[in-house]
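Here is the structure we will look at.
No lab work stands behind these numbers, since they all come straight from the coordinates. It should be emphasised that the depicted structure is a prediction, and the values quoted were computed from it without experimental measurement. Ideal geometry is used to build each Cβ from the backbone, glycine not excepted, and the neighbour counts take in all protein chains shown.
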Amino acid sequence: QQQVKQSPQSLIVQKGGISIINCAYENTAFDYFPWYQQFPGKGPALLIAIRPDVSEKKEGRFTISFNKSAKQFSLHIMDSQPGDSATYFCAASRGGAQKLVFGQGTRLTINP
Amino acid sequence: KAGVTQTPRYLIKTRGQQVTLSCSPISGHRSVSWYQQTPGQGLQFLFEYFSETQRNKGNFPGRFSGRQFSNSRSEMNVSTLELGDSALYLCASTTGMTGGNYGYTFGSGTRLTVV
C-alpha cells in the first residue's frame, strides 16, 4: 500500500529528444506527488510537483502528467539536454505528513 | 540563503560502534526529516522532527534515533553499527506547514561506511 513503483530503471535519450519516466502508486490517500533530480555527490533537488486535482503541470521543459483513475503519473522532459543526465526519483506523500515514499529511481543519460 | 548543511560529509566507522550525524536546516524551517539512501533499497524515510518533537517515524530498528534542538538543528544517532548501515544519510528541511507545497530541501548527505 505504501509502495511507489518507478520505471524504467535506466534510460538513454538523444539530445533534443523527449525523456519519459513513469510511476505508479497504490495508496489512494497519497495527495502530493513530487519529482526529484539527483546528481552524483548531491542530495535530491525538487524539480516539480503535482496534486491529484490537476491532470498536468508544466514548468519549463518539465511536465508532470497525472492519471488519478489509473494511479499513475509521469515526468516528461522536453528537448532533453546533456545537463539533464542525472537520477530522477518520483515520490508521494499523504495528508500533510512530512514523509515521502520514493520510487526506486531512473538513471537518465542524454547523449550529445 | 544558506542551504541544508550536513556534517560530516564522510565517515568511516567499525562494526559495533555508534555514530552521530548532524543537520542544520534552512533558516526558518522547523521540520527536519532524515532519509537513508542505498543502492538496493533506494531512499527510505527514517524520521521527522518538528519543533523538537518526533512527528513521524519510518520502519527502522530502535538503533536509529534522532533529536531536534530548539534552534531546529537535528542530530541522528545509530548505535551498534552493522555493515548494512553503510549508506548515504540525507537530511531535508521544510517549513513544516501542512497542506502546502512542502518543497523539501535536501542537504548533500553524510556518506557513512561501516567496516
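Is the shape of segment A:38-112 best called rounded, prolate or oblate, per the rule: a/c under 1.5 gives rounded, else a/b larger than b/c gives prolate, else oblate, with a ≥ b ≥ c the square roots of the Cα gyration tensor eigenvalues?
Numbers: a/c = 2.19, a/b = 1.38, b/c = 1.59.
Oblate shape, in that a/c is at least 1.5 and b/c is the bigger or equal ratio.
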Item checked: Sparsely packed GluC sites (Glu not before Pro) within segment B:14-115, loop by DSSP, other Cβ within 10 Å at most 12 -> B:GLU82
Next item on the list: Would you mind checking the pairs A:LYS99/B:LYS57; A:LYS15/A:LYS42; A:LYS5/A:LYS58 and listing those with alpha carbons more than 18 angstrom apart?
Entry: A:LYS15/A:LYS42; A:LYS5/A:LYS58
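Exposure proxy check: B:ARG73, B:ARG15 ranked by fewest other beta carbons within 10 Å? If you can, show how the numbers build up before the last one.
Details: B:ARG73 15, B:ARG15 11.
Neighbour counts put them in this order, fewest first: B:ARG15, B:ARG73.
Of all alpha-carbon pairs in chain B, indicate the percentage at a distance above 18 angstrom. Intermediate values should be presented prior to the final figure.
Working: 2975 of 6555 pairs.
In whole percent, the share of Cα-Cα pairs in chain B beyond 18 Å is 45.
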